Amino acid sequence: MIRTFRHKGLAKFFNEADPSGIAPDLVSRVQRRLAALHAATKPEDLNVPGFSFHGLRGKPKRYSVHVNGPWCITFEWEAGSAVRVDLENYH
C-alpha cells in the first residue's frame, strides 16, 4: 500500500485522479505502476517485466521502477507500505 508521497503531482494523481502534475506522455504508465505499487505486499512484487525494478544504493534503502525514458518512480518501504514515493528524472 502507498502511504506517503514526496512528489505532489503523484499524490494529486493518485488521490484525486488529477494528472495535471505529471507529463501527459507518462500518465498511463505512471498509473499502472502506482496501481502495482499500491497492491504490493513487499518491494519484490514489482519485479515484473517492463518495470526494471531494482534497489538503489544508499541509506535509507530506496527502490526504483522504470516509467519511460529517464523517468522512474522511486520509493522506500516501511512496515509493509511504500513511503516517500517520488517521480524522478534519472539522466
Please specify each residue of the range 1-46 satisfying the condition of being at negative phi and small (Gly, Ala, Ser).
-> Gly9, Ala11, Ser20, Gly21, Ala23, Ser28, Ala35, Ala36, Ala39, Ala40
For the range 4-33 the number of residues that are in contact with a Lys or Arg (Cβ under 9 Å, 6 or more places away or on another chain) and either over 22 Å from Arg62 (Cβ atoms) or among the charged types (D, E, K, R) (or both) is 4
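For the range 48-84, what are the residues that are of a type in the set (D, E, K, R) and over 12 Å from Ile2 (Cα atoms)? Let's see the steps before the verdict.
Taking the range 48-84 and keeping what is of a type in the set (D, E, K, R), we get 57, 59, 61-62, 76, 78, 84.
Arg57, Lys59, Lys61, Arg62 - these are the residues of the range 48-84 that are of a type in the set (D, E, K, R) and over 12 Å from Ile2 (Cα atoms).
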Please state which of the following conditions Ser20 fails to meet, knowing it meets all the rest: (1) touching a helix residue (DSSP H, G or I) at 6+ places or on another chain (Cβ under 8 Å); (2) in contact (Cβ under 8 Å) with a residue 24 or more places away in the chain.
-> (2)
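In the chain, which strands (runs of 3 or more DSSP E) lie fully inside it and hold 1 or more residues that are surrounded by fewer than 17 Cβ atoms within 10 Å (Cβ to Cβ) and out of contact with any strand residue (DSSP E or B) (no Cβ under 8 Å at 6 or more places or on another chain)? First the steps, then the outcome.
Values: elements: 54-56, 62-68, 71-78, 81-89.
Strands (runs of 3 or more DSSP E) meeting the threshold: 62-68, 71-78.
Bear in mind that the values in this text are calculations on the coordinates, not laboratory data. Just so it is clear, the structure is predicted and the values come from calculations on it, not from any experiment. Positions of Cβ are backbone-derived with ideal geometry, glycine not excepted, and every protein chain shown enters the neighbour counts.
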